[in-house]
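**Student:** Below you'll find the structure I mean.
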Amino acid sequence: MTDQISPSHLDGDPNWWSQASIYQIYIRSWVDSNGDGIGDLRGVSSKLGYLAWLGIDAIWLSPITRSPNSDFGYDVSDYIALAPELGNDSDFEALIAKAKSFGIKVFLDIIPNHSSSKHPWFIDSRSSKASKYRDYYVWAPPKSDGGPPNNWLDGTGSSAWTLDDDSNEYYLHNFLADQPDLNWWNPAVHEEFEKILTYWFDAGVDGFRIDVAHGIYKDRYLRDDPIAIADVMDAPFGVAPIFSKNRPEVHGLYRRWREICNEYDPPKVLLGETWVNKPETLARFFGDGDELQLTFNFGFTTSLFEPTAIRRSIMGAIGGLPMGARATWTGSNHDISRFGSRWCNKDKDKIKVALALIFMVPGVSVLYFGDEIGLADSDLDDADLLDNMSIQARKRIGNEKAFLRDRVRTPMPWNSQVNRGFSKGDKTWLPISDPIFGDVEEQIADHSSILNWSRALISLHSEISLDAKIEEIVFSPVQWIYRIDKFLVNVTYSRENLYKTDRLGFDHLELIMTSLGMDSHGGDAKNDDLASHREPVVRGAGEEIPPGLVGVGPTDEAHLEGPFAVEIYRIIGQPNDVR
């Protein structure tokens, strides 16, 4: 499996990303090649064969350049030099070459919103108001009472401003105080990042995932953000970040970056971390086809996991896309609770349904490492916690509200060997949790595993044509049946609510995947099992699906109810009638 070279069918295609399956690797937790307990570039290279077997088109690596690791790479002290604990230039070159041999594209994380306070730019900027680099960052004098310039809050819920005693001015940090925000009103910052993009593109990188893509520009006049009802997307901590983030000037930056991407053949790709709620706001990041190619649809990620909310988030996102744009779907990442916990409450059937909804849609699907084996959030002792953002947020807003990001960053369980095959060292950087549904090696051998289910879905995803649309056939509060290209997808609350697919008017439907009949139900479901399926049970007129969004951590509300089963059919023949 791991030694087979399989060049991608997407090589040379300028739109290779349009229906791609992307895999996010949190590099410190993927594979440790040298026994120091930290995943590294050689470790990534060693498992590219696994990703090729899985059917992955591209990988996105968490930051790999030098960092003091206050935020484990997202506080950058050098945008070019590699972090020594992750590898050297030869290791990176070998990774690029091996990925190419497998036909796998490589995305890096780029962090343009802020740098580390240890970056030479900021050290110089802080040294004097007359510094050449002073305007590389956002500095402002105190208010008349000596307080911060405005009411902006950082990612922990504290003031986003820290006073520099020597200059008696505040600097801005939308995240940790160790992560000062760059000043994108300064043309010199643009020039620096154009050099950074070009360096990595010339080194063989195929694209970038842009950190905080919606928040890079700040209001020129530093106006207060308005007070609002707290909402995980629109108003974290009860303040709507319309001036501290979400500024329209960012679109000019992305048009310029897209020009740089288009200088290459095939063009390089930009994927934005766009934490915006409204489809029309998300649509602006595509521009007129001249800004970002891809934007994360976090309205889907933060949706309640039940048919009405999931359907609304999917159809709303697709309906809001500009002509020719592609949606990007994911359920987990390094900042939020894994969907195996948040959506599915560690239920295997629900995890399979969630994966089907991520892949059986038009556009780009992104897996966070371990999603394909059903990893859930890990239980960690306080002594094991390393993430400063989570720790500070918990101190400020309380244990119950703050989600601990370390819980989704624990190392990958590969096999039953020491440290689950992640490392041969005595200690790993975060503890390794035992996987609920088995490690990678165990799941490869189990035909009914979540891993083999994921692999099959990725294969089907690659068959969906670029012009395919979702055609809804049946919808009720407990049922959603839709067609996409040559496939029929049947999502339901439970076996008791399965629709009789022979009533849909197709000449023939071939059942190719089902989450029914697995494991304790005795292997794959047989076609004659379908005869016992019942009509959907529709709620009474007064019964409503709970509306609204869930937080970035697991909540009881998010999984009180949810899709329990999914069937996928291949359509042979056209529908004559839908009754």
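**Student:** Please report the spacing between the Cα centers of the range 99-117 and the range 217-246 in Å, no decimals.
**Tutor:** The range 99-117 and the range 217-246 have Cα centres separated by 28 Å.
**Student:** Same structure, new question: Taking GluC sites (Glu not before Pro) that fall in a DSSP loop and have at most 14 other Cβ atoms within 10 Å as cut points, what is the longest piece of the chain between them?
**Tutor:** So the longest stretch without any such site is 1-248.
**Student:** Here's something else I'd like to know. Within 10 Å, count the other beta carbons around each residue, average over each peptide in 221-227, 446-452, and list them highest first.
**Tutor:** 446-452, 221-227
**Student:** Using helices alone, I'd like the mean residue ellipticity at 222 nm for the chain: each DSSP H run of four-plus residues gives -39500 (n - 2.57), total over residue count, nearest 500.
**Tutor:** Value at 222 nm, helices only: -6500 deg cm²/dmol.
**Student:** Suppose each label sits 7 Å from its Cα in the direction of the beta carbon; what would the Asn88-Ala188 distance come out to in nanometres?
**Tutor:** 3.4
**Student:** Ok, one more. How do 63-71, 293-301 rank on mean C-beta neighbours within 10 Å, highest first?
**Tutor:** Most protected by this proxy first, the peptides run 293-301, 63-71.
**Student:** Using mean Cβ contacts within 10 Å as the protection proxy, how do 355-366, 429-440 order, highest first?
**Tutor:** 355-366, 429-440
**Student:** Right, something else. Under a straight-distance cross-link criterion of Cα-Cα below 29 Å, which lysines are reachable from Lys47, leaving out those fewer than 8 residues away in the same chain?
**Tutor:** Within reach: Lys98, Lys100, Lys105, Lys268, Lys346, Lys348, Lys350, Lys352, Lys424, Lys427.
**Student:** Run the accessible area of the chain with a 1.4 Å probe and give the carbon-and-sulfur part as a rounded percent.
**Tutor:** 48
The values are calculated or read from the model by the stated rules, or taken from the named source; none is laboratory data. Quick caveat: nothing in here was measured; it's all calculated off a predicted structure. With ideal geometry, Cβ positions are generated from the backbone for all residues, glycine too; neighbour counts draw on all protein chains shown. Side chains are part of the model used for accessible areas, which takes the heavy atoms of the whole protein and leaves out ligands, DNA and RNA. Shrake-Rupley method; radii C 1.70, N 1.55, O 1.52, S 1.80 Å.
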